[in-house]
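The values are calculated or read from the model by the stated rules, or taken from the named source; none is laboratory data. Remember, predicted model here, so these are calculated numbers, not experimental data. Every residue, glycine as well, gets a Cβ built from its backbone with ideal geometry; the counts of neighbours run over all protein chains shown. When the accessible area is computed, the model is the full protein with side chains, heavy atoms only, and any ligands, DNA or RNA have been set aside. Shrake-Rupley method; radii C 1.70, N 1.55, O 1.52, S 1.80 Å.
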Amino acid sequence: MPATILLPEGANHIEVTYSERLTREELESSVHRGIAAAQSSGRRRFLTDCRQLVGGHSVTDLYLLANEIKANGLADEFREALLLPDNPETAGLVTFWETACGNRGLVVRVFTDRAHALDWLQSVP
């Protein structure tokens, strides 16, 4: 499965892991599942691991999903730390997501190190 969502015990964040090719439909489904997890758990922070992601969706898909997150009522508390993939093409999609979210007032930041991403996620207001 190219997308998994976990709510680690004792943590205040949701962990999303993307791997392989992730189609627009799979990405949209995982974002909706993540939103549902945030609404049911009260957690608004996401650690999203894209290190194994190899594409399959477009910048347009990301643009539309950023609009959806902004519109769903989570925007004020939403925080996301992204782990960047090594693949340059896919890394470009991840950094586009960071920019698209930032343009909508969503707090998103890209990292290459999981420990730094978690530190930031816990420290950002």
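Here are the numbers:
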quantity: Proximal charge balance of residue 54 [Cβ under 11 Å; K/R count +1, D/E count -1]; calculated: -1
quantity: Percent carbon-and-sulfur accessible area, the range 58-105, ignoring ligands, DNA and RNA, probe 1.4 Å; calculated: 51 percent
quantity: Of all DSSP beta bridges in the chain, antiparallel share, percent nearest 5; calculated: 20 percent
quantity: The chain - Kirkwood radius from inverse mean 1/r over Cα pairs (Å); calculated: 14.2 Å
quantity: Helical mean residue ellipticity (222 nm; -39500 (n - 2.57) per DSSP H run of 4+; nearest 500) of the chain; calculated: -14500 deg cm²/dmol
quantity: Net +/- balance of residues flanking residue 114 in space, Cβ distance below 11 Å, scoring K and R +1, D and E -1; calculated: -3
quantity: The chain, relative contact order [Cα under 8 Å, separation at least 6], %; calculated: 23 percent
quantity: Mean-position separation - Cα centroids, the range 19-41 and the range 53-93, in angstrom; calculated: 11 Å
quantity: Theoretical FRET efficiency, 1/(1+(r/R0)^6), r = Cβ-Cβ of residue 39 and residue 112, R0 30 Å, to 0.05; calculated: 0.50
quantity: Surface per residue (accessible, 1.4 Å probe) for the chain, Å²; calculated: 51 Å²
